[in-house]
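Just below is one structure, and these are the notes that go with it.
The values are calculated or read from the model by the stated rules, or taken from the named source; none is laboratory data. Because the structure is predicted, anything quoted here is derived from the model rather than measured. We place every Cβ from the backbone using ideal geometry, glycine too, and count neighbours over all the protein chains shown.
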Amino acid sequence: MRDTRGNRLLFQIGAILFALLIANLVLFLAGAQPFAAYKYIALGAVGSWDVASNVLVSWVPLLLATSGLLVTFTVGLWNIGIEGQITLGAIFTTWAMRLLQDSGWNPGIILTIAVLAGVLGGTLWALLAGALRTFGGVNEIFGGLGLNFVATALNIWLIFGPWKRPGVASMSGTLPFDRSLWMPIAAGSSRLTPATIAIAIVGIIAVYTMIEGTYFGLKLKAVGRNPRSAYILGISTWQNMMASFAICGVFAGLAGAVQVTAVYHRLIPSISSGYGYLGLMVALLVGYRASLAAPVALFFAALNVGSIQLPIVLKLDSSLAGVLQGTLVLFVILGHGVRARLLKKTKRTP
Amino acid sequence: MQVEVRGITKCFGAVRANDNISFTVPSSSIEGILGENGAGKSTLMKILSGFYSSDSGDIILDGEKVTIDDPADAIRQGIGMLHQDPLDFPPFKVIDDFILGKKGGLIPNRRAAIREFNELATRFDFSIDPESYVDTLTVGERQQLEILRLLWLGSRVLILDEPTTGISLPQKEKLFATLKKLASEGMTVLFVSHKLEDVEALCNRATVLRQGRLVGTVEPPFDTKVLVEMMFGKEIPQEPKTQLRMGTTVLHAKHVELEGIRIQIKNIDLRVRAGEVIGVAGMEGSGQILFLSACAGLAQPVKGSICLDEDEKDMTGKTYHEFRKKGVVYLPAARLEQALIPGLSLTEHFILSEGMKGLFIDRKKSEELAKSRISLFNIKGRPDSPVESLSGGNQQRALLALMRDPLKLILIEHPTRGLDVESTIYIWGKLKERCARGTAIVFISSDLHEILKYSDRVLVFFAGRVTPPLRASTLTVERLGRLIGGKDWDSIETEVSHA
């Protein structure tokens, strides 16, 4: 087999078909009509302006997380600690908001400071994972996982301890902020915040430009593909790894800040909403190609939002979205693997 | 057991590692397998022990043609191999390591195994506690453990790959006594080594390989001169060299002591001068790479210091990047693993090595840079070719093209290994151009002709020892071969003390 654009596309389409096949099998075993399920997912995602705007609300933090992860992927790191980094971003944002909410300052200034605080929180948590890896020899997957647990524990402690609602602490989170401190909502919508959408779009464009067009991006690629050779070529390895952790932390912190200021308007126990892990799946699916991140993230967000309808209309669990996303990632990666093997085989026997 | 190989051929890509090799080793004998690096010894032994399968040819045991599927199959058929680095399990207890690999029931009978282990150990006068941990044993003891294990599994052919590296003299003597005893009991021993002395002391016969082919078989008494000539080829008359220019000091290694995984080298003293070429000879793994790495900050000496330039600036403990800033580069032999980045194009490599300033990459300018370097270094490839798509010779040219100009010192492992004649001449032409402009070169090579042809001075490494720099003009392939094989070292030391 030769390495052509045609068979690459063929493998990708094949992977999607296989994923659908497995999803259909799951639906069949659950006793549901697959096509009815897909129809309701589609309707649930784009059936009305309201649900479509919900998709965009979910798209923003997912795209932010994916953008950050593309940077760490480029340098060859599995920043699984992104969940904790999102949580820390949310905590720092909440902290800043609580400090400033009664200051009487302009809400715009307070929100800006709060978002920057979130960026700081995400970055610090990411640098911690980076330092563990660089100076402590702790693999970033284990370090990140550990820090995720610490972040969750910290979050719960704050919600049930120092930041608890007056009277009784609640799983529903801290007391919501005053409406004047919410991210401005677009006219005619209940939840859509144009500012956060702008941040996400600028973010992914910045990441794309950085990876594809800058010296820094090329250095990250070099370190990611072969740190030894990169070092011999005169490229600092651990410094670039730390930098990519920091950049990913910036994006994770932004995602956390968005969750607090634009989605929940308070700190809740599951504030990261799993966007970190979902972002890992999107990043895996698009490989190194930042250009595909925005549409794929949008599709994943649509699946998530669309499947909310399933329990109501079809008595199916909404985790079907997860099944679809998971099988899709699995088969696309499997397709890459099989294709690479076939390409290698042809190389050996010319 | 009589071992016969008939017409064994094995290719790796374009390289014929074994080319139609045939010989027979009778039972109850110790056969030395001699050859320089890359001669094909290890490949042949790995085919015999089931790690590789040959492209063609037969293995015949006791007159019967056999196929060997994998190492476990080799052991079932009676062939056990003792690898240069013992393939044991350091976190295990000796007895658990010993039991491993034995077919048997679900639950191993440890008590019986311990009894048999002790019986075997007493027979060969080994003293290893079966309840101790493998990682507390010395290399020599781990070797003994492996031998016991292979015997217990029923080996009737024992292959030993460079077994005398890294073990003490008493352990070596015990090993030789054991092997002789085993041979007298009917064992066939294949003893792979580059140490002429060991082969001469132990073996009933020596088979010499060179460049994948069988050169011949020699019976004792061994004539070292004949063996060296068989291993390294005939003397080639040398062209007279231009007089050595004594430039300023580029590098001064002062009483450097180095420690590697299984090697310790003491007291290397070398002053490298601008424009000179120093060849580093020795069997692979004798510490040459460690020494070169230390000269570039890629490894740290245990004692002594590395100084650069005429003013002898002490660079000990500095990183490679600081050496690099001072005009030192290191070119590893494993091009795709350690020097180039698979997946990136030639242009991208040139951009990276130039260390350009600014934020954005100037695509047009960098492509022009790549084009000019590609034509200057005669690389067969396009600016957007990924480096892994280039041939070995072109990858090596690319490596040279990536070096900045000017440089003070180039440290290079095997500059022309695996390259064709045209590329070899081209690469040395480029390197000599640099020398003419004052760059010093220190290179490692296992090709003695290359060492003698291009070096002004030569260092020879052998089992943790290093010769003082020897004038290349006073050396011959034979003398070099003897030094690499561990001969004549006393005379070197007396020469130096008289000088």
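Among the residues in region B:327-339, are any more than 10 Å from chain A (Cβ to nearest Cβ) and not in a loop (DSSP other than H, G, I, E, B)? Lay out the reasoning, then the answer.
Initially, region B:327-339 is screened for residues more than 10 Å from chain A (Cβ to nearest Cβ), giving B:327-328, B:333.
Next cut, not in a loop (DSSP other than H, G, I, E, B) only: B:328.
So far as region B:327-339 goes, yes, one or more of its residues are more than 10 Å from chain A (Cβ to nearest Cβ) and not in a loop (DSSP other than H, G, I, E, B).
Which of the residues that make up region B:168-217 are under 25 Å from B:Glu36 (Cα atoms) and of a type in the set (Val, Ile, Thr)?
The answer is B:Thr188, B:Val189, B:Val192, B:Val199, B:Thr207, B:Val208, B:Val215, B:Thr217.
Hand me the list of helices (runs of 4 or more DSSP H) wholly inside region A:181-236 holding 1 or more residues that are closer than 26 Å to A:Trp59 by Cβ. Walk me through it before giving the result.
Values: elements: A:194-213, A:215-225, A:227-232.
Helices (runs of 4 or more DSSP H) meeting the threshold: A:194-213, A:215-225.
Restricting to region A:231-269, name every residue that is within 14 Å of chain B (Cβ to nearest Cβ), of a type in the set (Ser, Thr, Tyr) and closer than 20 Å to A:Val207 by Cα.
A:Thr237
What is the one condition in (1) crowded, with 21+ Cβ neighbours inside 10 Å; (2) part of a helix (DSSP H, G or I) that B:Phe461 does not satisfy?
It fails just one condition, (2).
Does any residue of region A:112-128 turn out to be part of a loop (DSSP other than H, G, I, E, B), touching a residue at least 40 places away in the same chain (Cβ under 8 Å) and polar (S, T, N, Q)?
Residues of region A:112-128 part of a loop (DSSP other than H, G, I, E, B): none.
Looking through region A:112-128, none of the residues is part of a loop (DSSP other than H, G, I, E, B), touching a residue at least 40 places away in the same chain (Cβ under 8 Å) and polar (S, T, N, Q).
Which one of the conditions (1) under 33 Å from the mean Cα position of the chain (by Cα); (2) surrounded by fewer than 15 Cβ atoms within 10 Å (Cβ to Cβ) does B:Leu106 fail to meet, given that it meets all the rest?
B:Leu106 satisfies every listed condition except (1).
Can we say B:Gly154 is touching a Gly at 6+ places or on another chain (Cβ under 7 Å) and in contact (Cβ under 8 Å) with a residue 60 or more places away in the chain? Explain how you work it out, then say what you get.
Details: touching a Gly at 6+ places or on another chain (Cβ under 7 Å): yes; in contact (Cβ under 8 Å) with a residue 60 or more places away in the chain: yes.
Yes: the conditions hold for B:Gly154.
Evaluate region B:256-269: report whether one residue or more is within 13 Å of chain A (Cβ to nearest Cβ), in contact with a strand residue (DSSP E or B) (Cβ under 6 Å, 6 or more places away or on another chain) and modelled with pLDDT of 90 or more. Working first, answer last.
The first filter runs over region B:256-269 and keeps only residues within 13 Å of chain A (Cβ to nearest Cβ), leaving none.
No, there is no match, as no residue in region B:256-269 is within 13 Å of chain A (Cβ to nearest Cβ), in contact with a strand residue (DSSP E or B) (Cβ under 6 Å, 6 or more places away or on another chain) and modelled with pLDDT of 90 or more.
Is it the case that region A:188-199 has a residue that's touching a residue at least 24 places away in the same chain (Cβ under 8 Å), closer than 18 Å to A:Gly68 by Cβ, within 14 Å of chain B (Cβ to nearest Cβ) and crowded, with 18+ Cβ neighbours inside 10 Å?
Scanning region A:188-199 turns up no residue that is touching a residue at least 24 places away in the same chain (Cβ under 8 Å), closer than 18 Å to A:Gly68 by Cβ, within 14 Å of chain B (Cβ to nearest Cβ) and crowded, with 18+ Cβ neighbours inside 10 Å.
Restricting attention to region B:344-360, does a residue exist that is at negative phi, away from chain A (no Cβ under 14 Å) and in contact with a Lys or Arg (Cβ under 9 Å, 6 or more places away or on another chain)? If you could, list the steps in order and put the result at the bottom.
Step one: of region B:344-360, the residues at negative phi are B:344-354, B:356-357, B:359-360.
Subsequent filtering for residues that are away from chain A (no Cβ under 14 Å) retains none.
Among the residues of region B:344-360, not one is at negative phi, away from chain A (no Cβ under 14 Å) and in contact with a Lys or Arg (Cβ under 9 Å, 6 or more places away or on another chain), which makes the answer no.
On the given criteria, is B:Thr347 out of contact with any His (no Cβ under 8 Å at 6 or more places or on another chain), free of Cβ contacts under 8 Å to residues at least 40 places away in the same chain and not in a loop (DSSP other than H, G, I, E, B)?
On the way: out of contact with any His (no Cβ under 8 Å at 6 or more places or on another chain): yes; free of Cβ contacts under 8 Å to residues at least 40 places away in the same chain: yes; not in a loop (DSSP other than H, G, I, E, B): yes.
Spelling it out, B:Thr347 is indeed out of contact with any His (no Cβ under 8 Å at 6 or more places or on another chain), free of Cβ contacts under 8 Å to residues at least 40 places away in the same chain and not in a loop (DSSP other than H, G, I, E, B).
Determine which member of the set B:Gly358, B:Gly297 is in contact with a helix residue (DSSP H, G or I) (Cβ under 6 Å, 6 or more places away or on another chain) and not in a helix (DSSP H, G or I).
Details: B:Gly358 fails: in contact with a helix residue (DSSP H, G or I) (Cβ under 6 Å, 6 or more places away or on another chain).
Exactly one of B:Gly358, B:Gly297 is in contact with a helix residue (DSSP H, G or I) (Cβ under 6 Å, 6 or more places away or on another chain) and not in a helix (DSSP H, G or I), namely B:Gly297.
Can you find a residue in region B:2-13 that is within 17 Å of B:Val208 (Cα to Cα), of a type in the set (S, T, N, Q) and surrounded by 17 or more Cβ atoms within 10 Å (Cβ to Cβ)?
Taking every residue of region B:2-13 in turn, none turns out to be within 17 Å of B:Val208 (Cα to Cα), of a type in the set (S, T, N, Q) and surrounded by 17 or more Cβ atoms within 10 Å (Cβ to Cβ).
What residue, of A:Leu147, A:Leu132, A:Leu120, is assigned by TED's automatic domain parsing to the domain that holds A:Ala90, among the aliphatic types (A, V, I, L, M), within 18 Å of A:Ala257 (Cβ to Cβ) and modelled with pLDDT of 90 or more? Before the answer, list the steps.
Working: A:Leu147 fails: within 18 Å of A:Ala257 (Cβ to Cβ); A:Leu132 fails: within 18 Å of A:Ala257 (Cβ to Cβ).
Selected residue: A:Leu120, the only one of A:Leu147, A:Leu132, A:Leu120 that is assigned by TED's automatic domain parsing to the domain that holds A:Ala90, among the aliphatic types (A, V, I, L, M), within 18 Å of A:Ala257 (Cβ to Cβ) and modelled with pLDDT of 90 or more.
Give me a count of the residues in region B:72-103 that are among the small types (Gly, Ala, Ser), over 27 Å from the mean Cα position of the chain (by Cα) and either at pLDDT 85 or above or farther than 22 Å from B:Leu158 by Cα (or both).
Kept after step one, since they are among the small types (Gly, Ala, Ser), are these residues of region B:72-103: B:72, B:74, B:78, B:80, B:101.
Going one step further and asking which of them are over 27 Å from the mean Cα position of the chain (by Cα), we end up with B:78, B:101.
Among the residues that remain, those that are also either at pLDDT 85 or above or farther than 22 Å from B:Leu158 by Cα (or both) are: B:78.
Adding up the residues that qualify gives 1.
Can you tell me which residues in region B:35-72 are of a type outside the set (A, V, I, L, M), in a loop (DSSP other than H, G, I, E, B) and surrounded by 21 or more Cβ atoms within 10 Å (Cβ to Cβ)?
Across region B:35-72, the qualifying residues are B:Gly35, B:Glu36, B:Gly40, B:Ser49, B:Gly50, B:Ser54.
So which of A:Leu20, A:Leu27, A:Leu43 is part of a helix (DSSP H, G or I), within 18 Å of A:Ile308 (Cβ to Cβ) and within 25 Å of the chain's Cα centre (by Cα)?
Numbers: A:Leu20 fails: within 18 Å of A:Ile308 (Cβ to Cβ); A:Leu27 fails: within 25 Å of the chain's Cα centre (by Cα).
So the residue among A:Leu20, A:Leu27, A:Leu43 that is part of a helix (DSSP H, G or I), within 18 Å of A:Ile308 (Cβ to Cβ) and within 25 Å of the chain's Cα centre (by Cα) is A:Leu43.
Of A:Gly326, A:Gly249, A:Gly276, which residue is over 22 Å from A:Val51 (Cα atoms) and over 14 Å from the mean Cα position of the chain (by Cα)?
Working: A:Gly249 fails: over 14 Å from the mean Cα position of the chain (by Cα); A:Gly276 fails: over 14 Å from the mean Cα position of the chain (by Cα).
After ruling out the rest, the residue left standing is A:Gly326.
With in contact with a Gly (Cβ under 6 Å, 6 or more places away or on another chain) and over 30 Å from B:Glu450 (Cα atoms) as the only criterion, which of B:Ser22, B:Ser28, B:Ser53, B:Ser49 stands out?
Values: B:Ser22 fails: over 30 Å from B:Glu450 (Cα atoms); B:Ser53 fails: in contact with a Gly (Cβ under 6 Å, 6 or more places away or on another chain); B:Ser49 fails: in contact with a Gly (Cβ under 6 Å, 6 or more places away or on another chain).
After ruling out the rest, the residue left standing is B:Ser28.
Which one of A:Phe135, A:Phe142 is within 20 Å of A:Thr237 (Cα to Cα), surrounded by fewer than 16 Cβ atoms within 10 Å (Cβ to Cβ) and among the aromatic types (Phe, Trp, Tyr)?
Selected residue: A:Phe135, the only one of A:Phe135, A:Phe142 that is within 20 Å of A:Thr237 (Cα to Cα), surrounded by fewer than 16 Cβ atoms within 10 Å (Cβ to Cβ) and among the aromatic types (Phe, Trp, Tyr).
Can you name the residue in region B:271-294 that is of a type outside the set (A, V, I, L, M, F, W, C) and not in a loop (DSSP other than H, G, I, E, B) and, of all such residues, is surrounded by the fewest Cβ atoms within 10 Å (Cβ to Cβ)? Outline the logic, then answer.
Pass one, region B:271-294, residues of a type outside the set (A, V, I, L, M, F, W, C): B:271, B:273, B:275-276, B:279, B:282, B:284-288, B:293.
With not in a loop (DSSP other than H, G, I, E, B) added as a condition, the list becomes B:271, B:273, B:279, B:288, B:293.
Numbers: B:Arg271: 14, B:Arg273: 20, B:Gly279: 27, B:Gln288: 25, B:Ser293: 19.
Among them, the one singled out is B:Arg271.
In region B:416-427, is there at least one residue being farther than 25 Å from B:Lys371 by Cβ, in contact (Cβ under 8 Å) with a residue 24 or more places away in the chain and aliphatic (A, V, I, L, M)?
Looking through region B:416-427, none of the residues is farther than 25 Å from B:Lys371 by Cβ, in contact (Cβ under 8 Å) with a residue 24 or more places away in the chain and aliphatic (A, V, I, L, M).
One line per residue, one yes/no per condition, for (1) in a helix (DSSP H, G or I); (2) of a type in the set (Val, Ile, Thr):
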{"residue": "A:Ala32", "(1), (2)": "no, no"}
{"residue": "A:Ala37", "(1), (2)": "yes, no"}
{"residue": "A:Val55", "(1), (2)": "yes, yes"}
{"residue": "A:Leu63", "(1), (2)": "yes, no"}
{"residue": "A:Trp105", "(1), (2)": "no, no"}
